[in-house]
Amino acid sequence: MSNSVSARPSVNSLVAPTLDHVIGQKQAVGVLRTALDAHFHDRSKATDELAFPHLLLTGPGGTGKTLLSELVGRAVAGNFHSELAQNLKSPEHVRGLLMMLEPGDVVYCDEIHELPTASAIALYRSLEEGLLFLGKKHVVQLPPFCLIGATTHEHLLAPSLRQRFRILLRLSHYSDEEMFELLRQRAKRLGWEVEDDAVRRLATKSRGVARLGVRLLESSRRTASAQATDAITVGHVERMCEVEGIDPLGFDAIERRYLEVLRDGDGPVRLNLIQAALGLPRQTVEMFEEDFLRLGLISKSDKGRMLTAKGYEHVAGTAP
């Protein structure tokens, strides 16, 4: 008797299978469609193996960089090698990765701005000339391959590396309507029954970030399951927000505390005072600020941070 158990698909495993199924990022998808059509045309006439052009994807976290990279890899039918830049700690790590490649392979390097300088230099001639230098005299001809770099901080990339990418795509946050369609699509693929009004509530709390929306969808599903039902309703979304302390813009209690510190401050509040009040490191506080600034809830100056009129309105509306 077999003891194998088939695993249920996870909330992150059922994503768009092709570019035709991608929601949002229309300009980026259009550029990729054109590039893929050109690649297939050129490949049909070539006598040697051709690789897809090196591609750089930039934009906020949770906006589809990994998804689009995986779809390119699937479309060109090459092996897909995924690596975090911080794991390529030395030129030896880079050479080890490149030595594994076969013609037409795709190498996906996430957070490529964190690539150490020596490792980035090891990539330069490989990208430009297709050569791998092993010591002073040993040179290896690499098979044609595609490097896809993804970064949330394009400005941290060395110009010499950025200029070696042939295609640059800048992704942006999703609209509420795109988030609605994306979350409804994800729920459908997972076989989850969910009210449209519940999806709309989740979309507005997602702040244009698919990763956040999917997490809230999964939390709502757990809330429904805890109440012995499979259908996700508006009531389950509201209950989930109550339990997890999520406000109408998707901020949690710690993020709201940041806004309250500004509300209670006498004028601009400096970052070190916010850090002390929250008990969080500078990097975490600055991460919060990205969404606060984008949504127009705070302003920044040399003197510190302040709530805007919209920020005061939001804090007042979420006060207990």
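Classification of the stretch 25-170 by its C-alpha gyration tensor yields an oblate form. The axis ratio a/c (a ≥ b ≥ c) is 1.5 or more, and b/c is at least a/b. Take every DSSP beta bridge whose two residues both sit in the chain; close to 30 percent of them are antiparallel.
Taking a sphere under 13 Å around the Cβ of F133 and counting the other residues whose Cβ falls inside, with K and R at +1 and D and E at -1, yields a net charge of +1. Placing a label point 7 Å from the Cα of M99 along the Cα-to-Cβ line, the residues of the stretch 138-167 whose backbone N sits under 16 Å from it are 138-143. Between L273 and T18, the modelled label-to-label distance comes to 5.8 nm, taking each label 7 Å out from Cα in the direction of the beta carbon. Here the stretch 194-235 is scanned for amide nitrogen atoms under 20 Å from the site 7 Å beyond the Cα of E154 along Cα-to-Cβ, giving 208-210.
Treating the angle as unsigned and between 0 and 90°, give the value, to the nearest 10°, between the Cα long axis of helix 26-45 and the longest Cα principal axis of the chain. Relative to the chain, helix 26-45 is tipped by roughly 20 degrees.
Computed extension length for A77-D176: 32.3 nm, one decimal, from 0.36 nm per residue of separation with the Cα-Cα distance subtracted. Counting charges near A77 (Lys, Arg +1; Asp, Glu -1) among other residues having Cβ under 11 Å from its Cβ returns a value of +1. Computed from label points 7 Å out along Cα-Cβ, the spacing between E128 and S44 is 3.5 nm. For the stretch 47-86, what percent of Cα pairs sit more than 17 Å apart? Value for the stretch 47-86: 37 percent of Cα pairs lie more than 17 Å apart. Note: relative contact order over the chain, using C-alpha pairs below 8 Å and six or more positions apart, is 16 percent.
Across the stretch 178-224, Cα-Cα pairs farther apart than 12 Å form 53% of the total.
From largest to smallest, the equivalent ellipsoid semi-axes obtained for the chain from the alpha-carbon gyration tensor read 40, 28, 17 Å. Over all other residues within a Cβ to Cβ distance under 15 Å of E313, the charged ones net out to +1, with Lys and Arg as +1 and Asp and Glu as -1.
Across all directions, the average projected area of the convex hull around the alpha carbons of the stretch 246-320 is 4.6 nm². Computed extension gain for T117 through V139, at 0.36 nm per residue and net of the alpha carbon distance, reaches 5.8 nm.
Here, each number is a calculation from the coordinates, and none is a lab measurement. The structure presented is a predicted model; accordingly, all values stated were derived computationally and were not measured. Quick reminder, even Gly has a Cβ in these numbers, built from the backbone with ideal geometry, and neighbours come from all protein chains shown.
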